[in-house]
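One structure is given here, and the rest of the page talks about it.
The values are calculated or read from the model by the stated rules, or taken from the named source; none is laboratory data. From a predicted model like this one, the values you see are computed outputs, not experimental measurements. As a convention, Cβ positions derive from the backbone with ideal geometry for all residues, glycine included, and neighbour counts pool all protein chains shown. All accessible areas refer to the heavy atoms of the entire protein, side chains included, with ligands and DNA or RNA removed. Shrake-Rupley method; radii C 1.70, N 1.55, O 1.52, S 1.80 Å.
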Amino acid sequence: MTFAFFLGAGNIIFPPQAGQLAGDNLLPAMFGFLSTAVGLPLIGIIAVAVAGGGWKGLTRDLPPSVATLMAVLIFIIIGPAFAAPRTGLVAYEMAVKPFIADAGQTSLTVFSVVFFAVALFFAWSRGKLIDMIGKFLTPALFAVLAILAIAVFVSPQGDILPAQGDYLDQAFTTGFLEGYNTMDTFAALMFGMLIVDVIRKKGVTDEKATCTYLVYAGLIAAAGLAFVYISLFYLGATSAGIASGAENGGAILSIYVQALFGPAGQIILSVIVLLACLTTAIGLISACSDYFSSLTKLSYEKWAVILAVVCGVVANVGLNQLIALSIPVLFALYPVAVALVALTFVRKWLPNPRMAYRVVLLVSLLFSLIDAAKFMGLDVSSLNVLPLFDYGMAWVIPTFAALAITRFVGTAAAESQDVRPA
């Protein structure tokens with residue numbers, strides 16, 4: 001179930017294009033992508049387990065209002081604003097549109113309604129999620145992905161050409177930043193709560209056992225994701241001969257699959273994309289509904305209906321526009337999620353966790369806003385003295401410097417808090 005939740009729209013459309021552009025710099029670019037698209041989500045799942053299985057444990061040292069605001073922003077990003085509607089858009093563009101002669105706005109609208117209605121049906125009953133997705137949808141998804149991966153390595157459709165663009169000189173960091181687009185680190189922090197919920201509904205109540213199962217789920221999902229990404233990167237790297245100039249990774253994948261399997265290729269691709277996007281949409285709607293129902297008087301079921309409707313509406317803005325809008329937001333907030341995960345693992349060594357969490361997260365946000373502004377074309381050239389500024393990672397050194405400083409600062413404050421009356 002965890003693997004299926006993570007493997008969605010972005011996981012399919014971004015690796016092929018990155019692989020094609022990386023060319024003979026395939027390995028460093030792929031390792032950079034795997035760092036943020038597999039490594040960070042896995043660490044995020046483990047962090048949720050270490051923190052006790054929920055958002056409250058992750059953010060216990062932050063003011064409740066700040067923790068709630070962060071959670072709401074993350075859920076909006078992975079839910080109705082970007083990630084969830086993107087699943088419907090990619091499913092339409094890659095799995096349905098090729099079969100429609102005169103595809104237009106009407107066909108997109110009709111598909112959006114049907115797609116998110118089906119996702120709502122599966123998300124309606126949380127207790128059965130692990131059975132419906134883990135036992136039925138995931139094996140089907142993995143089977144067709146395995147067929148594609150084997151075919152790609154056995155019968156590559158071209159030679160690997162020289163690297164292009166930023167992949168020529170900055171292959172690792174470009175792949176690292178490209179991994180942001182999957183949004184899976186955000187999803188890991190939120191899916192962790194959902195996975196804990198379904199584990200407990202299977203009768204597991206012991207905290208240690210729950211933590212162990214959560215880590216196992218994360219490891220299995222990470223292994224599956226790495227398998228998919230490696231095959232899709234290699235697919236992209238060997239696609240220049242047949243898909244040069246394709247406008248996005250979805251187009252590259254479509255052309256390649258049809259070259260491998262002929263007319264049946266589009267059917268195979270449609271099955272992969274529909275299953276991958278549907279399982280992720282189910283997980284996102286379920287996770288968002290679960291959290292928003294805990295903040296309001298509206299029930300989980302009502303939130304699921306609201307979010308499914310909103311996702312269907314947002315999906316009609318178009319794939320390219322949605323991706324363009326999401327990237328600056330990811331540049332601004334992804335480093336904050338990384339900092340939160342890092343703090344979770346070192347918390348027990350911090351003399352004053354409350355101060356450390358506030359300082360480190362604030363520093364990561366301020367410097368990540370510089371990277372976001374740079375991407376949006378704003379003039380921040382005066383800040384190019386910052387380490388890694390040219391790589392779009394100006395937040396890294398200041399954030400970890402703040403983390404190192406708070407490891408040794410604040411002992412007196414922590415001691416004064418310890419002796420304060422309860």
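Taking all protein chains together and a 1.4 Å probe, the residues Ser65, Ser299 rank Ser65, Ser299 from largest to smallest accessible area. Taking one quarter of the surface of the C-alpha convex hull of the range 328-409 gives a mean projected area of 5.1 nm². Rolling a 1.4 Å probe across the protein heavy atoms gives the range 1-316 an accessible surface of 38 Å² per residue. The base-10 log of I(q)/I(0) for the chain, evaluated at q = 0.06, 0.08, 0.10, 0.11 Å⁻¹, reads -0.24, -0.43, -0.68, -0.83 [Debye formula, identical scatterers on Cα atoms, solvent excluded]. The angle between the Cα long axis of helix 249-261 and the longest principal axis of the Cα atoms of the chain comes to about 40 degrees, rounded to the nearest 10. As a calculated quantity, the FRET efficiency between Tyr391 and Lys97 at R0 = 35 Å, using C-beta atoms, amounts to about 0.45. Helix 40-50 and the longest principal axis of the Cα set of the chain meet at an angle near 40°.
For Lys208, the aspartates and glutamates whose Cα falls under 19 Å of its own Cα, not counting residues fewer than eight places away in the same chain, are Asp197. Accessible area of the range 140-254 with a 1.4 Å probe: how many percent of it is carbon plus sulfur? Roughly 62 percent, rounded to a whole number. Using the 1.4 Å probe convention, the accessible area of the range 328-409 works out to 47 Å² per residue with neighbouring protein chains retained. For Ala223 and Ile150, a Förster radius of 22 Å and the Cβ-Cβ distance give a FRET efficiency of 0.85, rounded to the nearest 0.05. Counted over all Cα-Cα pairs of the range 136-180, pairs farther apart than 17 Å make up 60 percent. Legend: calculated FRET efficiency, Leu366 to Leu295, from the Cβ-Cβ distance at R0 = 25 Å, rounded to 0.05, equals 0.40.
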